[in-house]
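FYI, it's all coordinate maths here, none of it is from the lab. All figures in this text were calculated on a predicted structure; none of them were measured in a lab. As a convention, Cβ positions derive from the backbone with ideal geometry for all residues, glycine included, and neighbour counts pool all protein chains shown.
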Amino acid sequence: MEEKKYKVGYTTGVFDLFHVGHLNLLEKCKAQCEKLIVAVCTDEYSHESGKQPIISYKDRARIVGALKCVDEVVPMKYTDKLEQWKEHKFDVLFSGDDWKGSERYKRTEEDFKKIGVDIVYFPYTKSISTTMIKENLKEN
Ligand code: CTP
C-alpha cells in the first residue's frame, strides 16, 4: 500500500445536513493520512458559536463515523485548536479554505508552527453548504 504523507490527520466541523461538500473535504483529508479523526461540534458548542444544527450531535456523529474515509469521531468542545491537539496529538490539521486568513486560523498557524503540526487547506466546494440548503428549503 502506498505510504500516506501523514500518520494522524484531524479536521473539525458541524457537518449538519451532510452534503457532498463535506464528503469532498473528508475524502481529501483521508487521501493524505493513515488515520483520520473528525471532531464534530457538539450541540452546545454549535449553539455557543451561533449555529443551530437541525440534526442532533448524536446523529451527525453517527453519519460522519459511518463513512469509509473516517476512522474516528470525537466531540469538539473547545475553540482552541491547541487544546484539541493536546487531547488527540495529530500530525496535521485539515480545513476547508473558507477558514484561511481568519483570526482563529492565523493564531492556530502560529501555535502549530511551534509544535511542528502542519495545517493543510483544501478548496471549499462552492456549489453547496448547509446554509445554502437551509435557504433553499425556506424558498421552496
Ligand atoms: N466544507 C467544504 N465545502 C463546503 C462546505 C464545507 O469544504 N461546501 C468544509 C468546511 O470548510 C469545513 C468542513 O467542511 O472544513 C465542515 O464545514 P461545516 O461548517 O460543517 O459546513 P458548511 O456547509 O460550511 O456549514 P455552514 O453553511 O453552516 O457554514
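Give, rounded to the nearest 20 debye, the magnitude of the charge dipole that region 1-120 has about its Cα centre when Lys and Arg contribute +1 at Cβ and Asp and Glu contribute -1 at Cβ. Display every interim value, and only then the final one.
On the way: 21 positive and 22 negative charges, 29 e Å.
Approximately 140 debye in magnitude.
Whole number please: convex hull volume per residue, Cα atoms of region 71-140, in Å³.
Details: hull volume 9.4 nm³, N = 70.
Considering the Cα atoms of region 71-140, their hull volume per residue is 135 Å³.
If one computes the Cα centroid of region 1-49 and of region 72-140, what distance in Å separates the two points?
9 Å
Can you pull out the chymotrypsin sites (Phe, Trp or Tyr not before Pro) in region 1-87 whose DSSP state is coil and whose Cβ has at most 15 other Cβ atoms within 10 Å?
Numbers: sites: Tyr6, Tyr10, Phe15, Phe18, Tyr45, Tyr57, Tyr78, Trp85; in loops: Phe15, Phe18, Tyr78.
Answer by residue number: Tyr78.
Which whole-percent values make up P(r) of region 3-47 when all C-alpha to C-alpha distances are grouped in 5 Å steps starting at zero?
5, 22, 26, 20, 15, 8, 2, 1
Can you give the calculated 222 nm mean residue ellipticity of the chain, where each DSSP H run of n ≥ 4 adds -39,500 (n - 2.57) and the sum is split over every residue, rounded to the nearest 500 deg cm²/dmol? Intermediate values should be presented prior to the final figure.
On the way: 6 runs with 57 residues, N = 140.
Calculated mean residue ellipticity at 222 nm is -11500 deg cm²/dmol.
Out of Tyr6, Ser102, Tyr57, whose Cα points farthest toward the positive end of the dipole of the chain (charges: +1 Lys, Arg; -1 Asp, Glu; placed on Cβ)?
Final value for the positive-end residue is Tyr6.
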